[in-house]
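Structure, as structure tokens:
The values are calculated or read from the model by the stated rules, or taken from the named source; none is laboratory data. On a predicted model such as this, the values are computed, not experimentally measured, just so you know. Cβ atoms come from the backbone with ideal geometry, glycine included; neighbour counts cover every protein chain shown.
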Amino acid sequence: MNYRILLTILFFSSFLNDAFSQNFELIGTRSYNPNTWDFPTVDNMYFDSNNNLYAFIYESHYPRNNELVKFSFDTNSWEDISKHNFLVPGGVSTSSGTGLGDGSIMTIFRSFDNNHYAYHYQPDGTFKELGNPVLQGIENIDLASGVTSNGDFYFCHALFSVGAKKWDGKQWTSLPNLSNSNGSYPDMQIGNDDTIYVAYSKKLSGINVSSYNGKKWTTLLSTTERALHPKIFVVSKNEIYLSHAIASGFRVLKYKHKKWTQLGNDIDAYDNSRSDIIKTKSGEILLVNGDSNGFFKYNKVTKNWENIPNNISDDGAISGYKPFLLESKDGYVYNGFSENNAITFVKYTPRALSPKGTDSNLFKIYPNPASNFVTIQNIFGYKRLNISIHDITGEILFSIKNQSNKFTTIDTSTLQSGIYYISIRLNIKNKPYIQKLVIQN
């Protein structure tokens with residue numbers, strides 16, 4: 001047999017035996033910095049209704065400000081939408097933003113002039129002020145925000161006290177204070193029923209988690225052990241996950257039917273400054289922290305946290321300072337974090353999306369053997385598929401790009417009888433899904 005043909009067969013066989021084994025891949029270039037900032041961080045990531053990916057980033061070193069960037073899956077690159085024109089008076093100290101389905105983002109900032117400013121920023125680069133200044137004075141530094149289904153914008157502020165405000169499109173309204181004592185590092189989530197959830201670190205000790213039903217705050221958790229940097233993920237009013245920093249790393253608590261329990265073992269971490277946590281649509285519970293390999297999954301069998309092996313192609317980090325997790329509609333998980341005075345974004349493929357990890361497949365190809373045509377069923381409705389047919393030498397005989405149809409039918413009537421391979425690639429960085437195709441003409 002021809003040596004080149006033998007190598008090609010072995011090459012394809014390796015894909016057939018290990019399709020989608022790459023759990024992590026880079027999104028764009030590593031260490032992205034659109035404005036040559038000293039220390040940019042990711043404040044928020046979100047998808048609009050058309051599945052466009054945005055990231056809201058800020059530089060807290062005076063006098064830098066914020067940028068809104070948009071990712072192109074076609075070119076595997078980020079576009080700076082705001083182009084350095086989003087300038088908060090006095091420069092940004094801390095900020096928080098919540099993305100919307102139209103691609104815009106509601107934002108709140110504390111500036112170096114000790115005032116707080118709110119803006120509604122549009123993906124075309126324009127923005128409008130929301131009743132500025134919202135707050136005045138140094139007494140409220142740390143911020144967190146969220147938007148309810150009717151468009152009301154909420155944010156929580158903390159330092160000498162812990163409070164919250166609401167923008168209803170016309171004016172700001174103060175909610176009752178959560179605490180009249182010192183607090184820090186608030187995190188806010190909006191439930192499916194528009195209940196407001198806030199977690200924050202209490203003065204010198206413990207974590208508080210409270211919910212707001214439009215009338216009053218209800219305390220769900222109040223701990224006494226010293227802890228910092230809480231992050232919450234709300235599945236429903238009966239299922240909430242909380243991660244927070246402890247002396248040696250991170251701890252996760254689960255709220256189920258009005259009871260809090262620790263979820264798994266404590267997670268050791270060299271950098272225990274920040275974390276993020278989510279539960280995916282496929283049921284995986286994931287946590288990331290500030291370590292370069294700090295990407296963990298909860299094992300429901302062993303009831304402990306497991307470090308997911310870092311197999312990213314460039315051998316770089318898969319997490320870092322102040323990570324932010326986001327799940328796409330098709331089940332992929334994105335992590336944005338700071339490293340090397342810049343920002344890196346990675347994409348994680350959950351086991352449930354890997355044919356090797358489950359009994360289901362991502363695609364169904366039929367008939368096989370085929371004669372005049374072959375149909376590819378895109379079971380999960382993935383977007384922008386690149387599909388090609390190769391012969392056993394690796395030569396491309398047919399290709400089509402950016403396919404998003406549920407069913408794609410290919411004319412194979414001109415192919416001679418023999419063995420071919422169908423290659424389906426989710427994007428330019430993914431390993432292809434490859435299946436052998438037999439043609440009988």
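Data for the structure
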| quantity | calculated |
| --- | --- |
| So residue 329, is it out of contact with any Cys (no Cβ under 6 Å at 6 or more places or on another chain) and modelled with pLDDT of 90 or more | no |
| Residues satisfying the stated conditions in segment 373-386, i.e. surrounded by 19 or more Cβ atoms within 10 Å (Cβ to Cβ) and more than 27 Å from the chain's Cα centre (by Cα) | 374, 376 |
| Yes/no for residue 160 being assigned by TED's automatic domain parsing to the domain that holds residue 115, surrounded by 21 or more Cβ atoms within 10 Å (Cβ to Cβ) and either at pLDDT below 95 or aromatic (Phe, Trp, Tyr) (or both) | no |
| Residue match in segment 168-176 (condition: in contact (Cβ under 8 Å) with a residue 60 or more places away in the chain and either not acidic (Asp, Glu) or not in a loop (DSSP other than H, G, I, E, B) (or both)) | no |
| Of residues in segment 109-133 being among the hydrophobic types (A, V, I, L, M, F, W, C) and modelled with pLDDT under 90, the one surrounded by the most Cβ atoms within 10 Å (Cβ to Cβ) | 109 |
| Filter result (of a type in the set (Ser, Thr, Tyr) and part of a loop (DSSP other than H, G, I, E, B)) within segment 108-155 | 126, 148, 149 |
| Pairs with Cβ under 6 Å, 6+ apart, first in segment 399-411 and closer than 16 Å to residue 371 by Cα, second part of a strand (DSSP E or B) | 408/376; 409/373; 409/375; 410/374; 411/373 |
| Strands (runs of 3 or more DSSP E) within segment 188-260 that include 1 or more residues aromatic (Phe, Trp, Tyr) and under 25 Å from residue 326 (Cβ atoms) | 196-202, 207-212, 228-236, 239-246, 249-256 |
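Residue-wise test of (1) more than 24 Å from the chain's Cα centre (by Cα); (2) crowded, with 19+ Cβ neighbours inside 10 Å; (3) within 21 Å of residue 337 (Cβ to Cβ); (4) without any contact (Cβ under 8 Å) to a residue 40 or more places away in the chain.
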site	(1), (2), (3), (4)
224	yes, no, no, yes
228	no, no, yes, no
231	no, yes, yes, no
235	no, no, no, no
238	no, no, no, yes
254	no, no, no, yes
258	yes, no, no, yes
268	no, no, yes, yes
271	no, no, yes, no
